[in-house]
Amino acid sequence: MKEDKMILREAIIASKIITIRDEKVILDVHLAELYEVETRVLKQAVRRNKDRFPYDFMYELTDAEIDEMVSQNVIPSKRHFGGAVPFAFTENGVAMLSSVLNSKKAIEVNISIMRTFTILRKMILLNKDIMEEINKIRKQMQEQGHNIMLIFQYLKQFEESKQQKTEQENRKRIGFKTDPN
């Protein structure tokens, strides 16, 4: 039962991880939901410890990124953020949050988030391996297709030469004929 609960939590977390600026992140609003705290409390804790969150750990989204998230239905509307600019936390930023939000719930959730990021990383690597294998098979099939076409061309040439030989043997002879008697 506890394992089922953990799998469910990791599935929920995985659904909150999105890609922005070519990296996997979780928005502050989703983290606050997971930690069961208000978004403003989470942001306040981060602002008080700004030196723990360099750019590669956490950054504010641009208006264009917010618009893109609304258009992709990651969030229902800009109002979802309550007028505040959302923070996007990378995996390292989420790990750092456990030292800022020092509660039992934060530690539990952080462990689940780290596990989820690890699972996603493994899936991406596995997907990459599968795609490489598919491309290798595709290339082999193209080469085989080319070889099959060559075989058909050779067969056609062979058939044409055989046809010419048969026509040559069966044609009516012309010229001087001697009487065999």
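Read-outs: derived from the displayed coordinates by stated rules, not from any lab. Note that the structure is predicted; figures quoted are calculated from it, not measured. In this analysis, Cβ positions are derived from the backbone assuming ideal geometry, glycine residues included, and neighbour counts consider all displayed protein chains.
Could you name the lysines in cross-link range of LYS156, using Cα to Cα under 21 Å and dropping any fewer than eight places away on the same chain?
LYS165
May I have the pair-distance distribution P(r) for the chain, computed from all Cα-Cα distances with 10 Å bins from 0 and rounded to whole percent?
8, 25, 21, 10, 7, 6, 6, 6, 5, 4, 3, 1, 0
Which one, ILE130, GLN164, ALA84, is farthest towards the positive end of the dipole of the chain when Lys and Arg carry +1 and Asp and Glu -1 on their Cβ?
GLN164
What's the local net charge at ASP56, with K and R +1, D and E -1, over the other residues with C-beta under 11 Å away? Walk me through the intermediate numbers first.
Working: positive: ARG21; negative: GLU23, GLU91.
Overall, the nearby charge balance is -1.
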